[in-house]
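Asker: A single structure is presented below for examination.
No lab work stands behind these numbers, since they all come straight from the coordinates. None of these values were measured; they are calculated from a predicted model. Reconstructed Cβ throughout: ideal geometry from the backbone, glycine too, with neighbour counts over all protein chains shown.
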Amino acid sequence: MFAVQLICLSRNTNQTFMKKCHGSVVGTLFLAACLLLPGTSFAGNPTLDEQRALYREAKIAVARGSEANVRRLVSALGNYPLKPHIEFLWLSDRLRHAKTSEVSTFLNNYDDSSLANRLRYRWLDTLRSQGREQDFLAHYRPASASTEQQCYFHHINLSRGNKEPFLANAIKLWSVGKSQPNGCDPLFDNLIANQYITDEIAWNRYSAAVLNHQYRLARYLQRFFTSDRYQLLAKNFLKVDLEHELIGNYSLFSDFNDALSGDEVHAIIAHGLTHLARTDATTALKHWSYYQQIHPFTSAQRKQVVTDLIKGLYNQEHPDIADNYLIDYLDIVDPTLLEWRTREFISQADWQSVLTWIERMPLQLRETDRWLYWRARAADLNHTAKQPPQQNSAYQVLSRSRSFYGFLASEWAANGYSMAFKKARVSPTDIAELEKQPGILRTREFVFHEDYLAARREWYHTTRNFTEQQWITAAHIASSWQWHNGAITSMISAGFWDDIDLRFPLAFKEAFYSHADKTGVPVHLLFAVARQESALAQDVQSRAGAKGLMQLMPATARETARKHGISYRGSHQLFEPEINITLGSRYYREMLQRFDNNRILATAAYNAGPHRVSSWLKKSQGSLPFDAWIETIPFLETRNYVQNVLAFSMIYAYHLESEARILSEKEKQHRL
């Protein structure tokens with residue numbers, strides 16, 4: 001211990017030692033232990049390295065419940081940006097016994113942090129469970145309150161005779177088409193007991209419940225209708241929802257002829273027709289012709305009914321009727337229906353119909369890269385183009401775009417790819433000013449400690465009201481920390497798309513190069529997959545359970561590791577970039593091998609699974625050009641995924657000074 005103390009006491013001349021040890025757990029704990037030895041003296045404030053070591057030691061003290069150590073370490077942390085985080089951790093685990101003054105002090109001192117929002121949320125739940133109404137009201141903030149907390153807040157005020165504006169907000173909480181949490185029961189009991197639930201209010205919730213197919217809730221709500229009219233309306237609505245054919249029983253609504261403009265009746269009819277259209281569109285069309293002659297439906301209702309009628313007619317193999325109806329109602333249908341119909345013709349290789357339906361699209365949609373490309377491409381495939389592809393002005397214009405369609409247009413125009421690069425410039429003064437913000441400092445330290453979830457929370461909270469230029473400045477700051485996900489998401493928030501250095505960084509470069517060499521997968525393609533999958537966030541997990549940079553499912557990772565003899569201890573390792581890239585690159589290699597080195601098919605399989613890709617190939621039977629097959633992938637997510645990965649791969653090829661093309665001649669010529 002004496003020798004250790006000598007090393008520690010020479011801290012002013014051992015900065016090299018501290019830089020070496022602060023990045024490792026052993027080094028950090030050792031340094032923290034040194035700083036806390038009884039004989040250690042502090043000459044001035046601790047250095048940043050020392051503060052970081054103390055912070056990690058403080059987290060351990062919190063986990064162990066050692067109050068004396070926590071208080072001593074918090075004091076020793078000085079002005080360290082994450083000092084509030086230690087206080088938050090300590091308080092949040094002990095809120096049931098915390099002093100109100102302690103919590104209030106924290107919330108007031110750090111009101112500008114995400115930590116304050118999180119602690120307030122937990123504190124309000126504690127106060128609610130303990131029935132401490134006055135403290136609850138003092139700390140309540142509507143922006144961060146849960147549904148139960150909102151209910152409790154309004155219940156307190158109504159119970160105290162305060163109607164305005166609390167009654168109106170309480171009714172809004174009641175009037176949702178789903179069951180609310182049990183914590184709202186006292187408020188709702190109050191509303192019912194004081195007869196605030198009128199027929200009209202009850203109908204709003206009832207109709208929303210039926211539309212959400214919350215039948216148990218709907219039946220419960222029927223007890224609130226006092227008038228014969230609403231009782232009959234409710235009965236008929238539920239009938240029509242459960243048996244859509246009843247929409248053809250016009251007498252169901254004959255008792256309401258005195259209220260033909262009633263929103264309730266129109267909502268029931270529109271709802272019944274849209275449901276019936278999915279199973280019997282021709283019958284639904286007949287009923288719609290009747291109802292629209294006598295009922296003034298809203299434009300939104302007309303759009304919904306007509307759109308569902310057209311979809312139903314197509315799905316039930318009445319394409320001619322559907323096409324005629326769609327043409328008649330071009331002005332009200334959702335434009336995505338026109339895109340869907342055009343893709344149907346692409347899947348049939350009916351290029352003349354593709355051209356015809358593109359011309360029917362609204363101008364704004366027709367002029368997007370996608371449909372500019374397909375207007376030129378369909379003309380080529382239909383042999384009606386006036387110029388060869390290399391001279392086609394549409395391809396020449398599109399080739400200036402940094403997009404999937406721009407890169408494909410460059411292939412046909414025999415041009416190089418345009419990156420349309422534009423540097424997002426910031427001044428040193430802007431960076432220096434923004435770096436001083438407490439939230440930015442806290443985020444920096446969370447990133448240093450590899451607590452990326454906390455970093456994202458703090459970043460979002462701090463930057464939520466930034467201007468475009470502040471977002472760009474923030475992206476530069478995040479990039480300087482090598483926190484690439486923060487830089488990428490900040491540029492998205494700024495809406496600045498042309499700085500491809502910030503948006504497509506060469507993160508984890510050594511690992512990607514290493515495993516590209518070992519697997520034979522082009523390194524720019526591996527970068528592109530990771531960029532699309534996770535935006536280069538190594539700690540993210542999808543709702544489906546995919547993890548890490550290349551978003552591997554645990555079962556896929558386990559099987560890939562087994563096949564290749566890779567040591568793998570469990571899915572927690574997928575958050576380690578080296579392991580994730582090791583397994584992700586090998587799984588992508590398997591997809592390439594399965595689909596004859598075709599990057600289109602391998603990329604689709606990586607996203608949707610190889611069995612789905614095989615089934616899609618079976619359906620198309622080798623009849624489609626490569627781009628037509630991509631455009632008609634049944635899953636929107638997979639379609640966008642393939643297009644993005646291929647486009648991103650060209651941006652990374654540009655960064656890596658590679659002459660690679662988006663697809664090989666073999667891939668372009670092979671019919672799918």
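Asker: What ranking, highest mean first, results for peptides 316-322, 276-282, 522-528 when packing means the other Cβ atoms within 10 Å averaged over each residue?
Answerer: My ranking of the peptides, most packed first, is 522-528, 276-282, 316-322.
Asker: Continuing with the same structure: Excluding residue 403 itself, calculate the net charge of residues whose Cβ lies under 11 Å from the Cβ of residue 403, where each Lys or Arg counts +1 and each Asp or Glu counts -1.
Answerer: +2
Asker: Consider just the alpha-carbon atoms of the chain and return their Rg together with their Dmax, both in angstrom.
Answerer: Both quantities, over Cα of the chain: 31.3, 97 Å.
Asker: Right, another one. Cβ neighbours within 10 Å, averaged per peptide: list 137-144, 225-232, 531-538 in order, most packed at the top. Spell out each step's value before the answer.
Answerer: Details: 137-144: 13.0, 225-232: 14.6, 531-538: 22.1.
Top of the packing list down: 531-538, 225-232, 137-144.
Asker: Going through the range 413-476, which trypsin sites (Lys or Arg not before Pro) have at most 11 other Cβ atoms within 10 Å and a DSSP loop state?
Answerer: Of the trypsin sites (Lys or Arg not before Pro), the ones in loops of the range 413-476 whose Cβ has at most 11 other Cβ atoms within 10 Å are 422, 423, 425, 436, 464.
Asker: Based on the alpha-carbon set only, what is the convex hull volume of the range 410-561 divided per residue, in Å³?
Answerer: Convex hull volume per residue, Cα atoms: 153 Å³.
Asker: So what are the ³J(HN,Hα) numbers for the range 614-631, from phi and the Karplus equation (6.51, -1.76, 1.60; θ = phi - 60°), rounded to whole Hz, Gly and Pro as x?
Answerer: Those phi angles translate into 4, 5, 5, 5, 4, 5, 7, 6, x, 9, 10, x, 4, 6, 5, 5, 4, 5 Hz.
Asker: Could you name the aspartates and glutamates whose alpha carbon sits less than 18 Å from that of residue 172, not counting residues in the same chain fewer than 8 places away?
Answerer: Straight-line reach from residue 172, under 18 Å: 148, 164, 185, 189, 199, 200.
Asker: Let me ask something else. Dividing the alpha-carbon radius of gyration of the range 107-155 by 2.2 N^0.38 Å (N being the number of residues), what value is obtained?
Answerer: Here the answer is 1.06, to two decimals.
Asker: For the range 338-457, what's the radius of gyration and Dmax over Cα atoms, in angstrom?
Answerer: Just the Cα atoms of the range 338-457 yield Rg and Dmax of 22.7, 63 Å.
Asker: Separate question: Using a simple charge model, +1 on the beta-carbon of Lys and Arg, -1 on the beta-carbon of Asp and Glu, nothing else, what dipole does the chain show about its Cα centre, in debye to the nearest 20?
Answerer: 1780 debye
Asker: Considering amide H positions built from the backbone, and no H for Pro or chain starts, which residues 5 or more places from residue 552, or on another chain, come under 5 Å of its amide H?
Answerer: 547
Asker: Still on this structure: Within the range 403-498, which GluC sites (Glu not before Pro) sit in a loop by DSSP and count at most 16 neighbouring Cβ atoms inside 10 Å?
Answerer: Passing sites in the range 403-498 are 450.
Asker: Further, regarding this structure: What relative contact order, as a whole-number percentage, does the range 61-172 give when Cα pairs under 8 Å and 6 or more residues apart are counted?
Answerer: 16 percent
Asker: Below 8 Å, C-alpha to C-alpha, sequence gap of six or more: please give me the relative contact order for the range 174-217 in percent. Intermediate results must be reported in sequence, preceding the final value.
Answerer: Numbers: 30 pairs, mean separation 27.1, N = 44.
The value is 62 percent.
Asker: Can you sort 288, 351, 340 by how many other beta carbons sit within 10 Å, fewest first?
Answerer: Lowest to highest Cβ neighbour count: 340, 351, 288.
Asker: May I ask for the percentage of alpha-carbon pairs in the range 138-216 that lie more than 19 Å from each other?
Answerer: When every Cα pair of the range 138-216 is considered, 36 percent fall beyond 19 Å.
Asker: Using Cα pairs closer than 8 Å and at least 6 residues apart in sequence, work out the relative contact order for the chain, in percent.
Answerer: 6 percent
Asker: One-quarter of the Cα convex hull surface for the range 428-497, in nm²? Let's see the in-between values first.
Answerer: Working: hull surface 16.2 nm².
Spelled out: convex hull of the Cα atoms, projected over all directions, averaged, 4.0 nm².
Asker: With a Cα-only, solvent-free Debye model of the range 509-669, what are the log10 I(q)/I(0) values at q = 0.13, 0.18 Å⁻¹?
Answerer: -0.58, -1.13
Asker: Lysines near residue 178 by alpha-carbon distance under 27 Å, same-chain residues fewer than 8 away left out - which ones?
Answerer: Of all the lysines, those that pass the test against residue 178 - Cα under 27 Å, at least 8 places apart if same chain - are 163, 235, 239, 303.
Asker: Considering only C-alpha atoms, what is the centroid distance from the range 437-492 to the range 86-118, in Å?
Answerer: The range 437-492 and the range 86-118 have Cα centres separated by 23 Å.
Asker: Separate question: What is the fewest-to-most order of 591, 361, 550 by other Cβ atoms lying within 10 Å of their Cβ?
Answerer: Final ranking by Cβ density, sparse to dense: 361, 591, 550.
Asker: Under the Karplus relation 6.51 cos²θ - 1.76 cosθ + 1.60, θ = phi - 60°, what is the ordered set of whole-Hz ³J(HN,Hα) values for the range 590-603, x standing for Gly and Pro?
Answerer: In residue order, the calculated couplings are 4, 5, 4, 5, 5, 10, 6, 6, 8, 5, 4, 5, 5, 5 Hz.
Asker: Please give the calculated 222 nm ellipticity per residue for the chain, where each DSSP H segment of at least 4 residues contributes -39500 (n - 2.57) and the sum is spread over every residue; nearest 500 deg cm²/dmol?
Answerer: That calculation yields -19500 deg cm²/dmol at 222 nm.
Asker: By a straight-distance test (C-alpha under 24 Å), which lysines pair with residue 59 as possible cross-link partners, with residues fewer than eight away in the same chain excluded?
Answerer: Once the sequence-local lysines are set aside, what remains near residue 59 is 19, 20, 83, 99.
Asker: I'd like the Kirkwood hydrodynamic radius of the range 239-358, using the inverse of the mean 1/r over distinct C-alpha pairs, in Å.
Answerer: 15.1 Å
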